[in-house]
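What follows is a set of notes on a single structure, which appears directly below.
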Amino acid sequence: MDMTPPGSSGMDLLRTAFTHRRLLLELVRRDIRARFAGARFGLLWSLINPAVQLAAYGLIFGYVYADPARPRGAVTASLFCGLWPWWAFQEATMRGTSALVDQASLLRRLPMPAALPVFAATIGSVAIQMLGFGLFLLVFAGLGVIEPRSAWLLLPVAIALHLALTAGLALFLAPLYLVARDVMHMVALALTVGFFFSPVLFQLADLPPTVRGIAGLNPIAGLLGLVRMLVLGAERPPLVALLALAGAIVAAWHWGGRLVARIEGRIDEYC
């Protein structure tokens, strides 16, 4: 007998999001307003902080540890295509993981599917970071650091895959964090380690062939490879990296849907 809770598949969650799309949009607006409440510069901070970090990494890898064989502009462009999507992934994962706990009072007052706050947190985070990514992409194009390409028109596909991965992962982690608060410390640790084991500051092609295949099993490798391919014209990510990305998305939505269904309507038991 199938013991899967009703409405627990990825398609069910997508239908739920579409059915409650107006409420979801309002939750996204509420989430974005809340994170910048009281800040004089508001949304501008979401551009300043990444820009400062990108400049710092660009200084270190483009000047201090410069590779004579690679132009400094190429190093900055590669870092840009690795760091900004990673920041979006990191922020969306963290905020999506805590969404059910953060919005517990709202879930008690307003009957709605538990997945909606998770979707709102991840969509808001990815949207803000990708807005900054798009603005700086235009700036770098204007400065001649990155050459405009027709492939940029396919960037929404990469962003959609990015959102699918982060939302699926948050759907899996949010119910776990609701039950055990130690989960957030584990997620933060995993993201710290994952930053250095993912091709954020480097590309898969920079690795020795003996470890390149193993590194390609990281779903982030496929995602960042797609971004660099579309933005910079870099070589296509290895097939194993693309399959790992697709497999991670399917697995995260499958198991995330099951866990969300199990805590549906039971927020009071944990908060």
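Side notes on the structure shown:
- Filter pass, ALA151 being assigned to a helix (DSSP H, G or I), more than 30 Å from ARG22 (Cβ to Cβ) and open to solvent by 10 Å² or more (accessible area, probe 1.4 Å): yes
- Per-region count, segment 197-212, residues open to solvent by less than 50 Å² (accessible area, probe 1.4 Å), free of Cβ contacts under 8 Å to residues at least 24 places away in the same chain and not in a loop (DSSP other than H, G, I, E, B): 0
- In segment 178-214, the residues that are in contact with a helix residue (DSSP H, G or I) (Cβ under 6 Å, 6 or more places away or on another chain) and more than 30 Å from ARG266 (Cβ to Cβ): SER198, PRO199, VAL200, LEU204, LEU207, ARG212
- LEU135 of a type outside the set (Asp, Glu), modelled with pLDDT of 95 or more, assigned to a helix (DSSP H, G or I) and farther than 20 Å from LEU23 by Cα: no
- Qualifying position, being within 20 Å of VAL126 (Cα to Cα), assigned to a helix (DSSP H, G or I), at pLDDT below 85 and open to solvent by 40 Å² or more (accessible area, probe 1.4 Å), among LEU43, LEU59: LEU43
- Scanning segment 231-250 for residues that are touching a residue at least 60 places away in the same chain (Cβ under 8 Å), surrounded by fewer than 20 Cβ atoms within 10 Å (Cβ to Cβ) and under 18 Å from the mean Cα position of the chain (by Cα) yields one hit, VAL250.
- Segment 129-146, subset among the β-branched types (Val, Ile, Thr) and open to solvent by 10 Å² or more (accessible area, probe 1.4 Å), residue farthest from ALA92 (Cα to Cα): VAL145
- The requirement of being modelled with pLDDT under 95, under 27 Å from GLY247 (Cα atoms), among the hydrophobic types (A, V, I, L, M, F, W, C) and open to solvent by 30 Å² or more (accessible area, probe 1.4 Å) is not satisfied by ALA114.
Yes/no matrix, rows are residues, columns are (1) at pLDDT 85 or above; (2) out of contact with any strand residue (DSSP E or B) (no Cβ under 9 Å at 6 or more places or on another chain); (3) of a type in the set (A, V, I, L, M, F, W, C); (4) farther than 15 Å from LEU135 by Cβ:
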residue	(1), (2), (3), (4)
ALA51	yes, yes, yes, no
ALA69	no, yes, yes, yes
PRO85	yes, yes, no, no
GLN90	yes, yes, no, yes
ARG95	yes, yes, no, yes
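The values are calculated or read from the model by the stated rules, or taken from the named source; none is laboratory data. Predicted model, so just to flag it, every value in this text is computed and none were measured. Glycine gets a Cβ as well: all are built from the backbone with ideal geometry, and neighbour counts include every protein chain shown. In case anyone asks, the SASA skips ligands and DNA or RNA and just uses the protein heavy atoms, side chains included. Shrake-Rupley method; radii C 1.70, N 1.55, O 1.52, S 1.80 Å.
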